[in-house]
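Undergrad: Quick one: this structure, given as structure tokens, is what I'll be asking you about.
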Amino acid sequence: MKTAISIPDDVFAGAERLAKRKKKSRSQLYTEAVREYVARHDAEEVTAAINRVVDALPQARDPFVGAAARRILERTEW
């Protein structure tokens, strides 16, 4: 999809330099930047990323660590 946006001159110049240095098109650079921004700021995506990391951890559980974490979570206001 094509779109027109307005950005400050210094941001545009920095993006142009980075695109040349990375040997990427301007469209590719902006697409990657927006994709990363959305992934970092979308609460569901952040939760999914955390869950992927936790799922990759070893499954052995230390009872002391579990109890300490439980105490901290019980005192945390959500």
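The values are calculated or read from the model by the stated rules, or taken from the named source; none is laboratory data. On a predicted model such as this, the values are computed, not experimentally measured, just so you know. Please note: Cβ atoms are built from the backbone with ideal geometry, for glycine as well, and neighbour counts cover all protein chains shown.
Here is a yes/no grid of residues against (1) surrounded by 11 or more Cβ atoms within 10 Å (Cβ to Cβ); (2) in contact with a strand residue (DSSP E or B) (Cβ under 9 Å, 6 or more places away or on another chain); (3) not hydrophobic (A, V, I, L, M, F, W, C):
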| position | (1), (2), (3) |
| --- | --- |
| ILE5 | no, no, no |
| ASP9 | no, no, yes |
| ALA33 | yes, no, no |
| GLU36 | no, no, yes |
| ASP42 | yes, no, yes |
| ALA49 | yes, no, no |
| LEU57 | no, no, no |
| GLY66 | no, no, yes |
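Undergrad: Where the second residue is assigned to a helix (DSSP H, G or I) and of a type outside the set (A, V, I, L, M, F, W, C) and the first is free of Cβ contacts under 8 Å to residues at least 24 places away in the same chain and lies in the stretch 22-51, which pairs have Cβ atoms under 8 Å and are six or more apart or on separate chains?
TA: LYS24/GLU32; ARG26/GLU16; LEU29/LYS22; VAL38/GLU45; ALA39/GLU45; VAL46/ARG40
Undergrad: Name every residue in the stretch 20-54 that is charged (D, E, K, R) and modelled with pLDDT under 90, in order of residue number.
TA: Initially, the stretch 20-54 is screened for residues charged (D, E, K, R), giving 20-24, 26, 32, 35-36, 40, 42, 44-45, 52.
ARG40, ASP42, GLU44, GLU45, listed by residue number.
Undergrad: Follow-up question, since we're still on this one. (1) surrounded by fewer than 10 Cβ atoms within 10 Å (Cβ to Cβ); (2) in contact with a helix residue (DSSP H, G or I) (Cβ under 7 Å, 6 or more places away or on another chain): which one isn't true of LEU29, the others all being true?
TA: So the condition that LEU29 fails would be (1).
Undergrad: Oh, and also: Which of (1) closer than 22 Å to LYS2 by Cα; (2) of a type outside the set (A, V, I, L, M); (3) surrounded by fewer than 11 Cβ atoms within 10 Å (Cβ to Cβ); (4) touching a helix residue (DSSP H, G or I) at 6+ places or on another chain (Cβ under 9 Å) does LYS23 not meet, given it meets every other one?
TA: Evaluating LYS23 over (1) closer than 22 Å to LYS2 by Cα; (2) of a type outside the set (A, V, I, L, M); (3) surrounded by fewer than 11 Cβ atoms within 10 Å (Cβ to Cβ); (4) touching a helix residue (DSSP H, G or I) at 6+ places or on another chain (Cβ under 9 Å) leaves (4) as the failure.
Undergrad: Please identify the pairs in which a residue from the stretch 55-66 that is in contact (Cβ under 8 Å) with a residue 12 or more places away in the chain has its Cβ atom under 6 Å from the Cβ atom of a residue that is of a type in the set (Phe, Trp, Tyr) and not in a loop (DSSP other than H, G, I, E, B), counting only partners at least 6 apart or on another chain.
TA: none
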